[in-house]
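All of the numbers you see were taken from the coordinates with simple rules; none came from a lab. Keep in mind that this is a model prediction, so the values were computed, not measured. In this analysis, Cβ positions are derived from the backbone assuming ideal geometry, glycine residues included, and neighbour counts consider all displayed protein chains.
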């Protein structure tokens, strides 16, 4: 077991730090990295904009769908949500769900 | 890190380009020129995504002064110190900060020469130099004239100068602003500035007026601004579009006179926002085209003129995406991820990007414009049906809510970039 594991670890190390699946881009799926311009990845004092890192994927998807259809009132999120289809939204939601809260 | 710096200094002193030596060390090197919202974010994100990368940020100023919200400084709603950020967080993230300027770039040898003579080698170069002014585009307006008629379009001493001039102005004075032709940094910025100067005048110098001379016939969030001006500051702001003689053809700093095709205006305070182009290093690197701006492809923002050089933010031609701090920060994160992929021999993903720009018309009155963008025909294009401006009729305290979102956005983006 150990003999099999060590080369695998060495390979992971050489190929670029934390293991990343070939289809998982380093900074999230398309669009995800733009979200943190407003939805802070870290705790920011005195911000009224909710953080989304670590939120349940299904909750993010629901919010985005409701904003997109204007079922929920919003200032800017309705305009932004309309730029993402279901598949893109689900990928972004899944990404934020596993980011540290 | 010290070893690498020493090596680079030695390499520089010996006049070695040395890309092969550095590659033999195993870690790829990225140099980022310009420590604003684009460059600082790119440097930090690169290091975060691949801690083994050697990342150097070249920025001469130890303190960055942010342009977003600097109009609020003019209106005494904020202190200058709230606009200022240091690079300690970037250094703590493992980025080497070279506190000097880049003087030359060799795209073939893949080197950057710094003002102290040091030469840095890179596998990928990121340029995020912001804007420079097209001095001479308005006859009479040069760097000396900017001491009499501040542009205040790079925040800092110019912002403080313009604020002082406003405070020293007599009540009943005339403030004259001139707004540049497209493209320029922060498309809604001149109109936010006019709003917040009017806000301040309404409190402290209520007999005063503001004349806004424009080189354009239309501007960002125009209906929202004009409705807001009529509601908040009736009779204070007069906007003169291009077709009614708004284009300033010359200025005289000695008499604070701005001349247009239709006549002359003598100001008590004059704020000339001149035509702009990419920061000077872009031309030296030969990544700027005849427009003065930098064409890039829309996936990794690599220059279409020089391989291996990426251009971000205000300096780049980003298609539908405007020149804003939000955009530069968003582009930097996409670019950093793409560079990590390119260095690993993989193709970067097709990105989606968001921009949101808030403008204040008063302390508690905010409006916004947003867009979502994707690569299309070699440029970033608007995704149809998405984006747009705040509704013209505000219900339920929307303007106050957007003012709160604006300040929350500023705290977030500066924390993400510099924190």
Checklist outcome for this item: With R₀ set to 41 angstrom, the calculated FRET efficiency between the beta-carbons of residue B:249 and residue A:74, to the nearest 0.05, is 0.40
Checklist entry - Going by a ≥ b ≥ c, the root eigenvalues of the Cα gyration tensor, does segment B:284-356 fall in the rounded group (a/c under 1.5), the prolate group (a/b larger than b/c) or the oblate group? => result oblate
Item to check | Residue among B:260, B:236, B:291 with the largest mean-square fluctuation in a Gaussian network model of chain B, springs linking Cα atoms under 10 Å | outcome: B:291
Checklist entry - Remind me, relative contact order of segment B:138-276 in percent, using alpha carbon pairs under 8 angstrom and six or more residues apart? => result 36
Checklist outcome for this item: Longest principal axis of chain B (C-alpha) makes with the long axis of helix B:157-168 (C-alpha) an angle, in degrees to the nearest 10, of 10
Checklist entry - How do A:51, B:290 line up, fewest other C-beta atoms within 10 Å first? => result B:290, A:51
Checklist outcome for this item: By the Cα gyration tensor axes a ≥ b ≥ c (a/c under 1.5 gives rounded; else a/b larger than b/c gives prolate, otherwise oblate), the shape of segment B:138-276 is rounded
Checklist entry - If r is the Cβ-Cβ distance from residue B:61 to residue A:94 and R0 is 60 Å, what FRET efficiency results, to the nearest 0.05? => result 0.90
Next on the checklist: Taking every DSSP beta bridge with both residues inside the protein assembly as shown, roughly what % is antiparallel (nearest 5)?
Outcome noted: 55
Checklist outcome for this item: When B:52, B:154 are ranked with the fewest other C-beta atoms within 10 Å first, the list becomes B:52, B:154
Checklist entry - What is the protein assembly as shown by shape, rounded, prolate or oblate, if you read a ≥ b ≥ c off the alpha carbon gyration tensor as root eigenvalues and call it rounded for a/c under 1.5, prolate for a/b larger than b/c, and oblate otherwise? => result oblate
Checklist entry - Residue separation times 0.36 nm, minus the C-alpha to C-alpha distance between residue B:182 and residue B:350: what's the value? => result 57.7 nm
Checklist entry - For chain B, what is Rg from Cα atoms divided by 2.2 N^0.38 Å, rounded to two decimals? => result 1.01
Checklist entry - By how many degrees, 0 to 90 and rounded to 10, does the Cα axis of helix B:325-343 deviate from the longest principal axis of chain B? => result 10
Next on the checklist: Could you tell me the calculated FRET efficiency between residue A:56 and residue B:52, based on Cβ-Cβ distance and R0 = 25 angstrom, to the nearest 0.05?
Outcome noted: 0.15
Checklist outcome for this item: Rounded to the nearest Å, the spacing of the alpha-carbon centers of segment B:130-180 and segment B:330-355 is 37
Checklist outcome for this item: segment B:239-306 and segment B:69-120 have their Cα centres apart by a whole-number Å value of 23
Item to check | Cα long-axis angle, helix B:222-232 against chain B (0 to 90 degrees, to the nearest 10) | outcome: 50
Checklist outcome for this item: Using eta = 0.890 mPa s and T = 25 °C, Stokes-Einstein with Kirkwood Rh from Cα pairs puts D for segment B:357-419, in µm² s⁻¹, at 184
Item to check | Cα-projected label distance for residue A:42 with residue B:238, points at 7 Å along beta-carbon direction, nm | outcome: 5.0
Item to check | Mean separation of Cα contacts under 8 Å, 6 or more apart, over the residue count of chain B: relative contact order % | outcome: 17
Checklist entry - What is the spin-label model distance, in nm, from residue B:103 to residue B:262 if the labels are put 7 Å beyond Cα along the C-beta direction? => result 4.9
Checklist entry - What would the Debye formula give as log10 I(q)/I(0) at q = 0.11, 0.13, 0.19, 0.20 Å⁻¹ for the alpha-carbon point model of segment B:279-406, no solvent? => result -0.46, -0.61, -1.01, -1.07
Item to check | Cα convex hull of segment A:29-101, projected area averaged across orientations, nm² | outcome: 4.6
Checklist entry - What's the extension gain from residue B:217 to residue B:171 if we count 0.36 nm per residue and subtract their Cα-Cα distance? => result 13.6 nm
Checklist outcome for this item: If B:143, A:90, B:302, B:99 are placed from fewest to most neighbouring beta carbons inside 10 Å, the sequence is B:143, B:99, A:90, B:302
Checklist outcome for this item: Percent relative contact order for segment A:29-101, counting Cα pairs under 8 Å at least six residues apart, stands at 42
Checklist outcome for this item: In whole percent, the Cα-Cα distances of segment B:55-124 spread across 10 Å bins from 0 upward as 18, 35, 28, 15, 4
Checklist outcome for this item: Asserting the computed 222 nm helical MRE of the protein assembly as shown (DSSP H runs at least 4 long, -39500 (n - 2.57) per run, divided by residue count, to nearest 500) equals -10000 deg cm²/dmol
